[in-house]
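Student: Sharing a structure here in structure tokens format.
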Amino acid sequence: MSRVDLVHNKDVRDESAERFARIHETFGVVPNMFKAVANSPAALAGMWGFFGALGEGVLGARIGEQIAVAVADRNRCDYCLSAHTLLGRKAGVTAEELAQAQKGTSHDPRTAAILALATALVDHRGQVEAEVISDAREAGLTQEEIVETIAHVALNLFTNYVNVALDVPVDFDRVPLTGA
């Protein structure tokens, strides 16, 4: 049972109605997370805008979903882990790649470097040593990719915290947490 009301289409305020329509177009439904966040039109606008901006970024959907899975598992957010596993599959990430990402690893060196940076950020709450950034650079990540990785982590912290703190009901097939 969610700790806040889930806002339904019929109850959405005017400024959020268009966002709900776009969310529905994207997912075929309005997932419970968005219904919880819709209690604050400003938060809904920010979250949806952040998703849209990063969707056009250099990392792409595959890596974005792998970051989301790694961050969700670390934050014990079964809602986000379940949602991003589904979205990852839709973006072409294999089941094996998703299982690896959940642990913060990858066989692909570039993806492994991105996930190492992302998980270090989560594990140290952003207080990473200079070597974490230099390791990312040495692995070939550009400054743009490094900053965008940080942005993905920040967005996923937002969604994880919403879902965990508000106990938002999972409306996707559940994926078990590993607690990596």
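The values are calculated or read from the model by the stated rules, or taken from the named source; none is laboratory data. Because the structure is predicted, anything quoted here is derived from the model rather than measured. Backbone-built Cβ (ideal geometry, glycine too); neighbour counts: all protein chains shown. The area values use the complete protein model at the heavy-atom level, side chains included, leaving out ligands, DNA and RNA. Shrake-Rupley method; radii C 1.70, N 1.55, O 1.52, S 1.80 Å.
Student: Take Glu56 and decide whether it is surrounded by fewer than 20 Cβ atoms within 10 Å (Cβ to Cβ), out of contact with any Pro (no Cβ under 9 Å at 6 or more places or on another chain), acidic (Asp, Glu) and closer than 24 Å to Ile23 by Cβ.
Tutor: yes
Student: Any chance you could count how many residues in the range 21-39 are in contact with an Asp or Glu (Cβ under 9 Å, 6 or more places away or on another chain) and within 14 Å of Pro169 (Cβ to Cβ)?
Tutor: 6
Student: Sticking with this one: I want to confirm something. Restricting to the range 20-48 and keeping residues that are touching a residue at least 12 places away in the same chain (Cβ under 8 Å) and polar (S, T, N, Q), which single residue is most open to solvent (accessible area, probe 1.4 Å)?
Tutor: Asn39
Student: If you go through the range 155-171 one residue at a time, do you hit one that is touching a residue at least 24 places away in the same chain (Cβ under 8 Å) and either over 27 Å from Phe27 (Cβ atoms) or in contact with a strand residue (DSSP E or B) (Cβ under 7 Å, 6 or more places away or on another chain) (or both)?
Tutor: no
Student: In addition: Can you tell me which residues in the range 5-19 are closer than 16 Å to Asp171 by Cβ, open to solvent by less than 50 Å² (accessible area, probe 1.4 Å) and either of a type in the set (Asp, Glu) or modelled with pLDDT under 95 (or both)?
Tutor: Within the range 5-19, just Val7 meets the criteria.
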